[in-house]
1. If I model a spin label at residue B:33 and residue A:172 as a point 7 Å from the Cα along the Cα→Cβ vector, what separation in nanometres do I get?
2. Using only Cα atoms, tell me the angle between helix B:21-36 and the longest principal axis of chain B; keep it within 0 to 90° and round to the nearest 10.
3. Could you tell me which of rounded, prolate or oblate describes chain B, using a ≥ b ≥ c as the square roots of the eigenvalues of the alpha-carbon gyration tensor, with rounded for a/c under 1.5 and, failing that, prolate when a/b is larger than b/c and oblate otherwise?
4. Residue A:117 to residue A:140: FRET efficiency via 1/(1 + (r/R0)^6), r the Cβ-Cβ distance, R0 22 Å, to the nearest 0.05?
Amino acid sequence: MLAMSSVEVLLELEEIIGEAEGFSHHYIVNLFDFEWEVAALVSTAQPGPQDGGPLPARVVSWRELLPAAARTGSCIVAAGRTVSGGHSREAGMGDISTATWTTHVHGEATRLPATIDGIRAALPDSQHPAFDLEIGRTPAEDLHLVLVRWSLSTTEAADEDSDVIARLRRGEQVGRPVDPEAGVA
Amino acid sequence: MSGYRIAYAPAAEASLHAMDVSTREAWSKAAAVLARDPYGAGSAVQGDPDHRTTVVGPAIAVYYVSGPGVMTITVVRIVH
């Protein structure tokens with residue numbers, strides 16, 4: 001949830017980003033026209049699309065913009081869809097953590113909690129004992145892989161993946177195989 | 001010779017195409033390594049021996065290995 005109005009956020013973004021390479025005032029205005037939530041892509045990547053195309057690789061909430069700008073010295077404004085669906089879980093986490101992963105669920109970029117506390121908060125209470133037990137017993141070197149599985153279980157990604165895995169087990173082909181040495185699709 | 005070919009399920013392909021150039025290049029290099037040994041590379045079993053999770057460059061991948069006669073790794077999901 002944005003605690004500031006869009007106009008206030010826009011003014012802050014303009015002040016922070018200023019002369020950053022690739023920055024476009026017109027671009028930001030368009031984001032608000034489309035009722036998108038402001039986010040920031042902290043990288044040397046190009047700005048995201050103006051018309052709802054694929055989202056950039058690493059989206060962070062506007063709340064992370066200030067420290068990110070201080071750390072990297074440059075920010076490029078991109079866009080994230082207005083918080084809804086799986087994102088509401090993140091809103092429910094309160095101040096537990098803002099660290100997130102990104103994946104795509106049914107074609108939409110979706111943020112996932114990426115801390116133990118954040119994932120636990122996103123799980124139903126009934127799953128807390130099993131989560132605590134597994135995390136407590138997992139070797140540190142495997143912890144991130146186990147956490148990803150639990151984090152994905154808080155979204156529809158788990159069901160989407162189960163369907164794909166079931167098809168693959170039946171011997172179906174999913175996607176078009178390519179030689180990785182020849183590049184990716 | 002890589003050993004295995006790599007395919008992308010729709011969700012993984014969407015994440016792949018959303019990567020910036022440098023992230024995608026890092027992914028591609030790591031995916032080529034994975035293709036040589038999908039059962040190793042620090043991967044963890046997720047359900048059955050062919051359904052696995054591992055770190056692939058800048059991301060974590062969930063994938064399925066289809067063996068003899070197919071020799072394909074299908075990346076089911078990318079998280080980063």
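Only the coordinates and a few stated rules stand behind these numbers; no lab work does. Quick caveat: nothing in here was measured; it's all calculated off a predicted structure. Virtual Cβ from ideal backbone geometry, glycine too; neighbours counted across all protein chains shown.
1. 3.3 nm
2. Between helix and principal axis, roughly 10 degrees.
3. Prolate is the answer for chain B, as a/c is 1.5 or above and a/b outweighs b/c.
4. Result of the calculation: an efficiency of 0.85.
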